[in-house]
Amino acid sequence: MTAHNTTSTEAVLVLASGRVFRGYGFGAEGTALGEAVFTTAMTGYQETMTDPSYHRQLVTLTAPQVGNTGWNDEDNESRGNKIWVAGLIIRDLAHRVSNWRAQRSLEDEMKAQNVIGIRGVDTRALVRELRNQGSIAAGIFSGEAARRPVEELVAEVNAQESMAGADLAAEVTTDEVYTIPVVGEKKYTVVAYDMGIKTATPNHFAQRGIESIVVPAGTPLADIQQYNPDGVFISNGPGDPATADEMVAVTRDILAAKLPLFGICFGNQILGRALGLKTYKMKFGHRGINVPVKNHVTGKIDITSQNHGFALEGEAGQEFETDFGTGVVTHTCLNDGTVEGVALKNGMAYSVQYHPESAAGPHDANPLFDQFIELMDAASPNRTAGIAADNAADNNPAATN
């Protein structure tokens with residue numbers, strides 16, 4: 001592999017607070033606006049950059065050197081291999097790519113996709129700032145843009161749309177329905193709502209005999225019933241869950257129809273809202289692949305991959321009444337007590353705040369996919385009879401539960 005271009009281009013990272021970090025541009029040149037966040041993952045920058053959940057975020061990588069493994073065509077997590085991060089902030093860019101799977105350099109791919117980066121930043125000082133002050137609006141300005149007066153740059157940063165209240169899932173979801181077929185013998189059909197789905201997730205389903213029919217966010221229940229799904233999955237994605245009223249309403253319809261439901265990340269917040277819980281914006285969020293989560297049902301602790309800036313309100317083991325039966329907070333983060341999972345006690349719906357597809361990250365949570373199969377195994381022989389019984393009860397005012 002050849003070395004990357006070491007030509008130095010002036011660049012500056014400007015926070016909405018007025019704090020300035022100077023460095024050198026890499027990748028494309030120009031201006032990138034977004035919310036400055038950080039991830040503690042030491043590996044997996046390609047998966048991070050192509051994760052749609054990072055839409056409109058300027059991602060700081062805490063690993064001191066980035067780019068060593070280059071870029072390949074197999075590890076992208078977005079359909080179409082699109083980079084979703086608004087910009088990349090790093091300490092050092094590797095002088096050479098050294099990995100047998102690499103097909104080009106990180107910088108080559110960033111240039112090809114017009115993604116702006118800044119290197120040479122004191123990322124330790126920046127992460128301290130973000131931990132103390134919280135995630136904040138920011139901008140990367142490289143080349144000519146970096147030579148403008150700082151006051152102008154700060155004003156431009158502050159003028160951008162806030163992440164709170166942003167409906168970003170609508171910007172990343174698929175425009176059309178598509179199918180990921182099974183590997184081997186087909187067992188079940190699942191409708192997967194694309195809130196910003198990573199490609200690894202339907203691939204995990206496919207390996208387990210589950211065909212995934214991926215549909216746009218907000219697709220009504222009536223539209224997915226044509227596929228006769230055995231279960232419904234709600235994916236990860238970016239944005240403020242408080243804006244997802246349409247998807248919350250759809251989720252309530254799915255719960256009322258007694259379809260087995262599994263959600264991750266944004267899907268956890270949507271299920272929580274459908275069950276009556278509220279959400280809030282976290283100070284700096286959870287982004288990394290080493291976040292400890294406790295399952296309060298089993299007592300088991302998993303080390304998990306996470307990327308979220310919003311969370312559900314609640315406490316460990318909390319039970320609450322919903323329109324669909326008793327709900328329970330099943331998981332919390334051992335670092336800060338944040339809600340990491342909710343479920344219906346009848347077993348028909350569950351979700352977690354982390355990423356069991358582990359791309360990148362540890363595989364501790366992979367069994368959640370098998371749990372979904374077990375849920376569909378239990379529900380499939382009874383679902384048709386249950387729906388018929390419900391319809392009969394609806395037509396008989398004397399019937400009681």
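Which of the residues belonging to the range 185-206 are surrounded by fewer than 17 Cβ atoms within 10 Å (Cβ to Cβ) and under 26 Å from residue 84 (Cα atoms)? Walk me through how you get there before you give the answer.
So the first thing to find is which residues in the range 185-206 are surrounded by fewer than 17 Cβ atoms within 10 Å (Cβ to Cβ), and the list is 185-187, 203.
203 - this is the single residue of the range 185-206 that is surrounded by fewer than 17 Cβ atoms within 10 Å (Cβ to Cβ) and under 26 Å from residue 84 (Cα atoms).
Taking the options 360, 343, 349, name whichever one is in the same structural domain as residue 188 (by the TED database) and under 16 Å from the mean Cα position of the chain (by Cα).
360
Out of curiosity, is residue 145 aliphatic (A, V, I, L, M), more than 29 Å from residue 277 (Cβ to Cβ), open to solvent by 30 Å² or more (accessible area, probe 1.4 Å) and in the same structural domain as residue 24 (by the TED database)?
no
Taking interchain pairs and intrachain pairs at least six residues apart, which have beta carbon atoms under 6 angstrom, with the first residue in the range 291-306 and in the same structural domain as residue 37 (by the TED database) and the second in a loop (DSSP other than H, G, I, E, B) and surrounded by 19 or more Cβ atoms within 10 Å (Cβ to Cβ)?
none
Matching residues to (1) touching a residue at least 24 places away in the same chain (Cβ under 8 Å); (2) in contact with a helix residue (DSSP H, G or I) (Cβ under 8 Å, 6 or more places away or on another chain); (3) within 24 Å of residue 169 (Cα to Cα):
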position	(1), (2), (3)
289	yes, no, yes
317	no, no, no
327	yes, no, no
330	yes, no, no
338	yes, no, yes
357	yes, yes, yes
362	yes, no, no
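List every residue pair whose Cβ atoms lie under 6 Å apart, where the two residues are 6 or more positions apart in sequence or sit on different chains, the first residue falls within the range 216-240 and is touching a residue at least 60 places away in the same chain (Cβ under 8 Å) and crowded, with 18+ Cβ neighbours inside 10 Å, and the second residue, located anywhere, is assigned to a strand (DSSP E or B) and not aliphatic (A, V, I, L, M).
230/188; 230/189; 233/262; 234/193; 234/263; 238/55
In this structure, does residue 176 turn out to be part of a helix (DSSP H, G or I) and open to solvent by 20 Å² or more (accessible area, probe 1.4 Å)?
no
Looking at residue 69, is it open to solvent by 30 Å² or more (accessible area, probe 1.4 Å), over 24 Å from residue 156 (Cα atoms) and among the hydroxyl-bearing types (Ser, Thr, Tyr)?
So residue 69 fits the description; yes.
Among strands (runs of 3 or more DSSP E) lying entirely in the range 31-116, which contain 3 or more residues that are under 30 Å from residue 180 (Cβ atoms) and touching a strand residue (DSSP E or B) at 6+ places or on another chain (Cβ under 9 Å)?
Qualifying strands (runs of 3 or more DSSP E): 31-39, 57-61.
The values are calculated or read from the model by the stated rules, or taken from the named source; none is laboratory data. Everything numeric in this text was worked out from a predicted model, so none of it was measured. Cβ atoms come from the backbone with ideal geometry, glycine included; neighbour counts cover every protein chain shown. Surface accessibility is based on the protein's heavy atoms, side chains included, excluding ligands, DNA and RNA. Shrake-Rupley method; radii C 1.70, N 1.55, O 1.52, S 1.80 Å.
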